[in-house]
Amino acid sequence: MARYLLTRAWHSALTLVLASVVVFLGIRALPGDPALALAGEDRSPEALAAIRAEYGLDRPLTVQFGHYVERALQGDFGSSIRTGIPVSDMLRTALPVTIELSFLAILIATALGVGAGVVAAVRRGRPAEWVANFLALVGLSVPHFWLGLLAILYLSVATGLFPASGFVPFFEDPVGNLHHIILPALILGTGLAAIIMRQTRSAMLDSLSADYVRTAKAKGLSPRAVIGRHALRNSLIVVVTIVGLQLGGLISGAVVTEQIFGLPGFGKMTIDAVFQRDYPVIQAVVLLTATAYIVINFLVDLVYSLIDPRIRVAGDAA
Amino acid sequence: MTAGARILEVADLSVSFVTESGNVSAVDHVSLDLAPGEIVGVVGESGCGKSVTAMSLAGLLPRSARVTGSVRLRGTELIGAPETSLRRVRGKEIAYIFQEPMTSLNPVLTVGRQIGEVLQVHERISRKQARARAIELLSLVGIPSAATRVDNYPHQLSGGMRQRVMIAMAVACNPTVLVADEPTTALDVTVQAGILEVLRDLRDRLGTSILIITHDLGVIADIADRVVVMYAGRVVERAPVTELFAHPHHRYTNGLLNASPTPGRHAGTDRLQEIPGLVPVLTTQPDACTFADRCPAADDTCRGSAPPLAALGVADHLVACWHPVEAT
Ligand SMILES: Nc1ncnc2c1ncn2[C@@H]1O[C@H](COP(=O)(O)OP(=O)(O)OP(=O)(O)O)[C@@H](O)[C@H]1O
Ligand SMILES: [Mg+2]
């Protein structure tokens, strides 16, 4: 187990290094001279040269990369060229919003998806399955920005049940915070919930007809134990993988959801930066997103190996 | 043996399945019984309804199955009994060992947990006590260093060990009836002998009645007291084991005996003879002998009406055939 984790950690670190190189080069390969973008009105050669010198853009790429890595490791991503605010400060306020939003969305999606998936499989061919299937279809086919707009229209504007936009930090006002974020989290989680539901359903149908489930029944176990302990546990392996694969999609979904609900998160920060060609910010958000992917993948593998004993042992043998 | 001594009585058991491609009749009016401490073997080619018969005893068939007839355990009817009472029977009164030791154990639970589970549910003991009992049971079925094996997952054990785990699980609550569906098919010969030894030992010590299903007549000859021969969902012959091997009355039984190198009969010297043809898959049960199409002695009677299961020669030797092979 320990060796397996070490190998995985090493691979993750390697991927991270590669990702940072790609981010660094990618930004510099983009069309458009950042110096031009920075210069604004004054595009005289002298002004451009001054800007290049100030941001180190005139140095060789390798030197620039060295600086970039050195500073990134210290959490210093430079300052926004639009507002002058340090990128790290922007991240400090934006990240918690997005992390909370995504975390809640995953929580809601997993609870709804696994629950509905199990019901659909166990009550196969009965009304409960049709309802679950219909909801999954809605969750999958309706774009969530539209769901979000509907939710704002009916649950916020018309009835005032939820605030239509804005955000309160959790530590200032926990109740207000949840009040603001629960609706966006639910909307963001719908697609994922639908995917989880369908995967859980098909995995459960497989395991419910497996020989070991028959064995469990033959022991005289209650349906609850047969379904929960025997069938569901085996199905969860599939579910964890799917959730892991979908988390990337969740990050981009968060960008849109934050925009709709006016949440001051990572997504909004990204969109603003892209529209304003704010290079230091773009560089930081892309690098962070890549890091998030890698860390999430690692965590998924970790959970995976906790659920499935066969992986644990295979890893130890390797 | 008197009828009162029967622990399990199966009468006129019929099972059909509703499938997308229509009805499949899997078992037709099967009758058999088990006395305390008796080992009864069920033989027949693949697809003749052995497993379906076994599963229907404790109501383990899928929902698509239509079951009629009677299964009585110590006089109590099990067909149509509510799930809750069946659950008290399963694992405690009627326990199962399944055909596939590879897939019949849950891959994500330790074997100790899987054995302990059946004890926890029927004897209401704690998880810790159940684990201790699981270790005892593992050594009882001949697994070395049971105290460490108890924490193993199924994939860490060999096929033979997994089947022993299945047995440990099945006998955990000292069941009245043990149904072993091809317990040795997936295993090699030496392992096979060991498993049969465990079963025999169990019967001798605890008086467990065992219904053993197999298509290996060698296994039957080795362990069974009585034999039930099935063909296409019906019982075609039923007799004590020595009687059946000495005087098979049904031509299908005869064919089976000729098709396998049974110890003591051909001593493996004769060439194996195959029975020509295949077991038919039936949508309905015809009023005819289902073996007629493969039988050398078949005539219009055989194709026109189904032969009843009736005694021939000795009282407990029953055969369903219009033209039985006479005792010689
Ligand atoms: N769930 C099911 N749905 C439809 N038909 C079934 C089902 N289970 C069994 N059958 C059919 O019932 C018949 C008897 O099957 P069964 O499993 O009892 O055979 P068997 O004698 O145990 O064979 P084997 O030696 O291969 O295990 C077969 O024709 C099979 O296709
Ligand atoms: Mg079978």
Kindly write out, for the stretch A:15-23 in residue order, the coupling ³J(HN,Hα) from the Karplus curve 6.51 cos²θ - 1.76 cosθ + 1.60 (θ = phi - 60°), rounded to whole Hz, with x marking Gly and Pro. 4, 4, 4, 4, 4, 5, 4, 4, 4
With the 1.4 Å probe rolled over protein heavy atoms, the protein assembly as shown has an accessible area per residue in Å² of 47
Antiparallel as a % of all DSSP beta bridges within chain B, to the nearest 5? 65
Regarding the stretch A:188-318, what whole-number volume in Å³ per residue does the convex hull of its Cα atoms give? 126
List every residue whose amide H lies under 5 Å from the amide H of B:GLY207, counting only residues 5 or more places away in sequence or on a different chain, with H placed 1.01 Å from N in the peptide plane. none
Rounded to the nearest 10 Å², the accessible area of A:LEU250 at probe 1.4 Å: 10
Based on Cβ point charges of +1 for Lys and Arg and -1 for Asp and Glu, what charge dipole magnitude is obtained for chain B about its Cα centre, in debye rounded to the nearest 20? 1340
Positive end of the dipole of the protein assembly as shown, charges at C-beta (+1 Lys, Arg; -1 Asp, Glu), about the Cα centre: which of B:MET169, A:ALA203, B:THR185 has its Cα farthest in that direction? B:MET169
Ranked from the most accessible area to the least, with a 1.4 Å probe and all protein chains present, what is the order of A:ARG214, A:ARG277? A:ARG277, A:ARG214
Compute the label zone of A:SER141 within the stretch A:167-201: residues whose backbone N is under 16 Å from the point 7 Å along Cα-to-Cβ. A:191, A:194-195, A:198
Kindly point out, ordered by number, any Cys in chain B whose beta-carbon has no other cysteine beta-carbon under 4.7 Å away. B:CYS48, B:CYS173, B:CYS295, B:CYS321
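What shape does the stretch A:95-264 have by the C-alpha gyration tensor, where a ≥ b ≥ c are the square roots of the eigenvalues, rounded means a/c under 1.5, and otherwise prolate means a/b greater than b/c and oblate the rest?
On the way: a/c = 2.49, a/b = 2.14, b/c = 1.16.
Prolate, because a/c is 1.5 or more and a/b exceeds b/c.
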Work through the residues other than B:GLY112 whose Cβ is under 12 Å from its Cβ and net out their charges, Lys, Arg +1 and Asp, Glu -1. +3
Starting at the first residue of the stretch B:14-26, write each ³J(HN,Hα) from the Karplus equation 6.51 cos²θ - 1.76 cosθ + 1.60 with θ = phi - 60°, in whole Hz, x for Gly and Pro. 10, 9, 10, 10, 8, 10, 4, 8, x, 7, 10, 8, 9
Could you tell me the calculated FRET efficiency between A:ARG43 and A:VAL168, based on Cβ-Cβ distance and R0 = 41 angstrom, to the nearest 0.05? 0.40
Amide H neighbours of B:TYR96 under 5 Å, at least 5 residues apart or on other chains, H built in the peptide plane: list them. B:GLY91, B:VAL179
Interchain or sequence-distant (5+) residues whose placed amide H lies within less than 5 Å of the amide H of B:CYS321 are B:ALA310
In what sequence, largest accessible area first, do B:HIS122, A:HIS179, B:HIS29, B:HIS249 appear using a 1.4 Å probe? B:HIS29, A:HIS179, B:HIS122, B:HIS249
Helical contribution to [θ] at 222 nm, DSSP H n ≥ 4, -39,500 (n - 2.57), averaged over chain B, rounded to 500: -9000 deg cm²/dmol
Quick check: Cα centre of the stretch A:106-164 to Cα centre of the stretch A:244-274, how many Å? 20
Just check the stretch B:189-243 against the gyration tensor rule for me: Cα atoms, a ≥ b ≥ c as the square roots of the eigenvalues, rounded for a/c under 1.5, and otherwise prolate or oblate depending on whether a/b exceeds b/c. prolate
Let me know the mean shielding of B:100-106 by other chains, meaning the per-residue number of their Cβ atoms within 10 Å of its Cβ. 5
Can you give the charge dipole size of the protein assembly as shown about its Cα centre, rounded to the nearest 20 debye, using +1 on the beta carbon of Lys and Arg and -1 on the beta carbon of Asp and Glu? 1060
I want to verify a result. In a Gaussian network model of chain A, Cα cutoff 10 Å, which of these has the top mean-square fluctuation: A:VAL157, A:VAL114, A:VAL87? A:VAL157
Could you work out which residue, out of B:GLY218, B:GLY44, B:GLY116, moves most in a Gaussian network model of chain B, that is, has the largest mean-square fluctuation with Cα springs under 10 Å? B:GLY218
Inter-site label distance for A:ASP89 and A:TYR154 at 7 Å from Cα along Cβ, in nm: 4.3
Of the residues A:LEU48, A:ASN133, A:LEU61, the Cα lying farthest along the dipole of chain A towards its positive end, which is defined by charges on the beta carbon of Lys, Arg, Asp and Glu, belongs to A:ASN133
Partner shielding of B:89-96, taken as the mean number of other chain Cβ atoms within 10 Å, equals 3
Evaluate Rg over Rh across the protein assembly as shown, taking Cα atoms for both radii and Kirkwood's formula for Rh. 1.16
³J(HN,Hα), Karplus 6.51/-1.76/1.60, whole Hz, each residue of the stretch A:270-282, x for Gly, Pro: 5, 4, 4, 5, 5, 5, 9, 6, 8, 3, x, 5, 4
Net charge around B:HIS323, counting only other residues with Cβ within less than 10 Å of its Cβ (Lys, Arg = +1; Asp, Glu = -1)? -1
Just to be sure I understand: if I project the alpha-carbon convex hull of the stretch B:102-174 onto a plane and average over all orientations, what area do I get in nm²? 4.2
Heads up, I need the accessible area for A:LEU104: 1.4 angstrom probe, whole protein in place, Å², nearest 10. 30
Treat each spin label as a single point 7 Å out from the Cα along the C-beta direction, and report the B:ASP316 to A:LEU36 distance in nm. 10.1
Picking from B:PRO324, B:VAL227, B:PRO308, whose Cα lies most toward the positive end of the charge dipole for chain B (charges on Cβ: Lys, Arg +1; Asp, Glu -1)? B:VAL227
Just counting partner chain Cβ atoms within 10 Å, what average do the residues of peptide B:114-127 show around their Cβ? 2
Ordering A:GLU46, B:GLU243 from largest to smallest accessible area (1.4 angstrom probe), what's the sequence? A:GLU46, B:GLU243
Out of A:ILE282, A:ILE227, A:ILE196, any idea which swings most in a Gaussian network model of chain A, alpha carbons joined below 10 Å? A:ILE227
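Just check chain A against the gyration tensor rule for me: Cα atoms, a ≥ b ≥ c as the square roots of the eigenvalues, rounded for a/c under 1.5, and otherwise prolate or oblate depending on whether a/b exceeds b/c.
oblate
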Any idea of A:HIS11's accessible area? Nearest 10 Å², probe 1.4 Å. 90
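The values are calculated or read from the model by the stated rules, or taken from the named source; none is laboratory data. Since this is a predicted model, take the numbers as computed values, not measurements. As a convention, Cβ positions derive from the backbone with ideal geometry for all residues, glycine included, and neighbour counts pool all protein chains shown. Just so you know, the surface numbers come from the protein's heavy atoms only, side chains and all, with ligands and any DNA or RNA stripped out. Shrake-Rupley method; radii C 1.70, N 1.55, O 1.52, S 1.80 Å.
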